[in-house]
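Everything on this sheet refers to the single structure shown next.
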Amino acid sequence: MILSDHTDHRPWPLPDAPWVMHQAWNDFLFTHVPVDPAAVRALVPDPLELQLHDGTCYLGIIPFHMTDVRPRGTVNVPGLSAFPELNVRAYVTYGGRSGVFFLSLEAHNRLAVETARLTYDLPYYAADMHWERVGRTVHYRARRTDTRGPAAAWEGRYTPEGDPFFAPAGSLERWLSERYCLFTVDAGGQVWLTDVHHMPWPLRRVHVEVDTNTMAAAHGLAADGPMHTMYSPGVDVLVWTPRRFGP
């Protein structure tokens, strides 16, 4: 299957420029909690607009692991092309497009951290991370070691349950998962958009047990409301170079 030939599900067309990076996102755990929109607004730079769902602001805390991470036209490099990652994200709109704004990202790969900070201007942090699958259960641990940010950690287990499904149009599950761009804002206030492309997320229900979670607290956010969870075995992803977006 040529991934870029399948675009009917996308909210807007693929960019005219060629994609530059391939990634596979695996054992993807969507966890979301309702948070105070004013507190999140203070963390999201203008001119991005905070996006709510039925009046609720959701914070995503997303553990997963990546494989086949490689620039276009290259092959996997042992020790560099596969590693765990965890991100904390808010949902925003700008210029008529809905996307993701990352508050932080943890990666168990120092080169990936520094490359993403330089190339994509993303708040990546180096972390001690480990995942393993025992039976159907994924055991996952992330503990930030990077001194450029406050201490943060997540540790727990998750087990997919039930039959696979695709999120129906208009559902909260689709709103949370089907995002095809991320935004950053530079020091001069210019918005940059990075397009991503993948097939619709195959989802399942999931049983989650969390032992440690200070990811929201590291941003000064209280995230003690009911947790919404979804699991996906993963998707193949194409990533484009960031581009200026809007005025």
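For the reader, a short list of remarks on this structure follows.
- Listed by first and then second residue, the pairs linking a residue in segment 167-195 that is under 17 Å from F28 (Cβ atoms) and hydroxyl-bearing (S, T, Y) to a residue that is surrounded by fewer than 17 Cβ atoms within 10 Å (Cβ to Cβ) and modelled with pLDDT of 95 or more, with Cβ atoms under 8 Å apart and 6 or more places separating them unless they lie on different chains, are Y180/R10; Y180/P11; Y180/W12.
- Tally of residues being touching an Asp or Glu at 6+ places or on another chain (Cβ under 9 Å) and within 15 Å of A127 (Cβ to Cβ) across segment 91-109: 5
- Residues that are surrounded by fewer than 18 Cβ atoms within 10 Å (Cβ to Cβ) and under 27 Å from T194 (Cα atoms), drawn from segment 129-142: none
- Segment 172-192, residues that are surrounded by 12 or more Cβ atoms within 10 Å (Cβ to Cβ) and assigned to a loop (DSSP other than H, G, I, E, B): E178, R179, Y180, D186, Q190
- With a requirement of 2 or more residues that are within 15 Å of A216 (Cβ to Cβ) and touching a His at 6+ places or on another chain (Cβ under 6 Å), the strands (runs of 3 or more DSSP E) lying completely within segment 54-160 that satisfy it span 57-71.
- Taking each residue of segment 110-131 that is on the phi < 0 side of the Ramachandran plot and looking for partners that are of a type in the set (G, A, S) and surrounded by fewer than 18 Cβ atoms within 10 Å (Cβ to Cβ) with beta-carbon atoms closer than 8 Å, six or more apart or interchain, yields P123/G149; Y125/G149.
The values are calculated or read from the model by the stated rules, or taken from the named source; none is laboratory data. Since we're looking at a predicted model, the values are computed, not measured. We place every Cβ from the backbone using ideal geometry, glycine too, and count neighbours over all the protein chains shown.
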